[in-house]
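**Q** I have a structure I would like to understand better, so I am pasting it below and will then ask my questions one at a time.
Every read-out reported here was derived from the displayed coordinates using simple, explicitly stated rules and does not represent laboratory data. Because the structure is a prediction, the values reported are computed rather than measured. For neighbour counting, all protein chains shown are included, and Cβ atoms are generated from backbone atoms with ideal geometry for every residue, glycine included.
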Amino acid sequence: MYTSLDEAKVEVWERWNNLVLRKRVSDFLGDMPEAFRTEPRAVLDRNIITPNNELTRFLELAKQVQLKPLGWEYLDDKFCTASKDKLALAKMPFFDGRNKKEETILHYRNIVDFYECDGERISAVNTLWSEKLVDFHHRLLSSMKSYTIEVCDASSWYWSYGKTAAAYYTRFLSLFICNGILFENFVTNEEEARFTSNIVQPSLNKIEFYFGIKPLIVPLIPITAIRDRYWYCYPARFEELVKQRTNNGVYKTVKCLKSDFPRHRRRYKVFCEHR
């Protein structure tokens, strides 16, 4: 499934310079997104591009492969507490260090009403102080002067193929045949095994059968550290901004438990120890 960073750095340009291959990909897609038309890109695919530790890692890797970084968003996707990626946008984690067992110690700040927003489009979700969740994260992003990243909302492009991942995911991964490198971790633990086995792997199989090569996917996080919630954490200075806007409690956990990310809003409650 994966390509090493060094191999992808060389391979992406060999493929890009293969005009026959580029034409074949373009014909397969039918609609090549503007951001991919002039040069290959380093891509981070997230619902909202936000300045957490994961983004810092991505930008470092994009610099190593010498490709312009692109944040590929899906703002019209549904918000749901079952997704740890989406929940971390609304229940913001902050890093407190590690304990003697080297387990990550975090605390969180809730910035949305989970009962009201669960099931809503992400673009429609508001924070507790009535700012759009998307606008808030983009405001944090713009405050990080050291970050240079183009951000595009791919919602309409996804929906042109269908509203479900099963409908558009093969097209999405085809962007990384020769138009860029995707930085991602497709894991097979309990939370995401179904998506990987039902959507990702069949899409990869179709692409490799059609093009004879696999998409360029480089692990974003080291394979041994993908379960570490540290990557979802935000710089400490953002917590003060949140505190100014909310009066909600601070919650602390010593271990990244599955219960930190509840699956259904009716079951939602604070699982962590109040500090």
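**Q** Assuming R0 = 35 Å, what is the FRET efficiency of Lys163 and Lys101, from their Cβ-Cβ distance, to the nearest 0.05?
**A** Details: r = 43 Å, r/R0 = 1.23.
Computed FRET efficiency for Lys163 and Lys101 comes out at 0.20.
**Q** Next question, about the same structure. For the range 145-155, what does the Karplus curve 6.51 cos²θ - 1.76 cosθ + 1.60, with θ = phi - 60°, yield as ³J(HN,Hα) per residue in whole Hz, taken in order and with x for Gly and Pro?
**A** These are the phi-based 3J(HN,Hα) values: 5, 7, 8, 10, 8, 7, 10, 10, 8, 8, 3 Hz.
**Q** Taking 2.2 N^0.38 Å as the expected size of a compact globular protein, what ratio does the Cα radius of gyration of the range 1-131 give against it, to two decimals? Mind dumping the intermediate values first?
**A** Details: Rg = 18.9 Å, N = 131, 2.2 N^0.38 = 14.0 Å.
Here the answer is 1.34, to two decimals.
**Q** Could you give the size of the charge dipole of the range 72-168 about its Cα centre, using +1 on the Cβ of each K and R and -1 on the Cβ of each D and E, expressed in debye and rounded to the nearest 20? Present the calculation step by step, with values, prior to reporting the outcome.
**A** Details: 13 positive and 15 negative charges, 68 e Å.
So the magnitude is around 320 debye.
**Q** Only bridges with both residues in the chain count here: give the DSSP antiparallel percent, nearest 5.
**A** Numbers: 15 of 29 bridges.
Here the share of antiparallel DSSP bridges comes out near 50 percent.
**Q** Amide H to amide H under 5 Å from Asp45: which residues, 5+ apart in sequence or cross-chain, H placed 1.01 Å off N in plane?
**A** Trp72, Phe183
**Q** Continuing with this model, one more query. Would you mind pulling out the separation of the Cα centroids of the range 59-98 and the range 132-185, in Å?
**A** 10 Å
**Q** Okay, moving on. Using 7 Å Cα-to-Cβ label points, what is the Asp135/Asn205 separation (nm, one decimal)?
**A** It works out to 4.6 nm between the two label points.
**Q** Moving to a separate point now. Going toward the positive end of the dipole of the chain, with +1 on Lys and Arg Cβ and -1 on Asp and Glu Cβ, which of Ile199, Cys178, Trp231 do you reach last?
**A** Result: Trp231, furthest along the dipole toward the positive end.
**Q** Also, I was wondering about something else. Starting from the range 94-134, pick out the GluC sites (Glu not before Pro) whose DSSP state is loop and whose Cβ has at most 15 other Cβ atoms within 10 Å.
**A** Numbers: sites: Glu102, Glu103, Glu116, Glu120, Glu131; in loops: Glu102, Glu103, Glu120, Glu131.
Those satisfying the criteria are Glu102, Glu103, Glu120, Glu131.
**Q** How many percent of DSSP beta bridges within the range 65-200 run antiparallel, rounded to 5?
**A** Working: 9 of 13 bridges.
Counting DSSP beta bridges with both partners in the range 65-200, the antiparallel share is about 70 percent.
**Q** Can I ask one more? Can you sort Ile223, Ile213 so the residue with the fewest Cβ neighbours within 10 Å comes first?
**A** Working: Ile223 9, Ile213 13.
Listing Ile223, Ile213 from fewest to most nearby Cβ atoms yields Ile223, Ile213.
**Q** Using only alpha carbons, build the gyration tensor for the range 88-241 and give me the equivalent ellipsoid semi-axes, biggest first, whole Å. Don't jump to the answer; show the numbers that get you there.
**A** Details: eigenvalues 183, 92, 54 Å².
For the range 88-241, the semi-axes come out at 30, 21, 16 Å.
**Q** A further question on this structure: If you rank Leu19, Leu140 by fewest surrounding Cβ atoms within 10 Å, what's the result? Walk me through the intermediate numbers first.
**A** Values: Leu19 9, Leu140 19.
Ordered by Cβ neighbours within 10 Å, fewest first: Leu19, Leu140.
**Q** Further question on the same structure: For n ≥ 4 DSSP H runs only, could you compute -39500 (n - 2.57) per run for the chain, divide by its residues and tell me the 222 nm figure to the nearest 500?
**A** Working: 10 runs with 95 residues, N = 275.
Mean residue ellipticity, 222 nm, calculated: -10000 deg cm²/dmol.
**Q** So, one more: With charges only on Cβ, +1 for K and R and -1 for D and E, what is the dipole size of the chain about its Cα centre, in debye, rounded to 20? Show your work: numbers first, answer last.
**A** Details: 42 positive and 36 negative charges, 122 e Å.
Taking the Cα centre of the chain as origin, the dipole is about 580 debye.
**Q** State whether the range 20-79 is rounded, prolate or oblate according to the following rule on the C-alpha gyration tensor (a ≥ b ≥ c being the square roots of its eigenvalues): a/c under 1.5 gives rounded; otherwise a/b larger than b/c gives prolate, and the remaining case gives oblate. Present the calculation step by step, with values, prior to reporting the outcome.
**A** Working: a/c = 3.38, a/b = 1.35, b/c = 2.50.
It comes out oblate by the Cα gyration axes.
**Q** Can you tell me the FRET efficiency between Glu120 and Ile223 if r is taken as the Cβ-Cβ distance and R0 is 35 Å, rounded to the nearest 0.05?
**A** Details: r = 34 Å, r/R0 = 0.96.
Computed FRET efficiency for Glu120 and Ile223 comes out at 0.55.
**Q** Under 25 °C and 0.890 mPa s, how fast does the chain diffuse according to Stokes-Einstein, given a Kirkwood radius computed over C-alpha pairs? Answer in µm²/s, whole number.
**A** On the way: Rh = 19.7 Å.
The estimated diffusion coefficient comes to 125 µm²/s.
**Q** Stretch Thr148-Glu60 to full length: gain in nm at 0.36 nm per residue minus the Cα-Cα span? Mind dumping the intermediate values first?
**A** Values: separation 88, 0.36 × 88 = 31.68 nm, distance 1.12 nm.
Extending this stretch completely gives an extra 30.6 nm.
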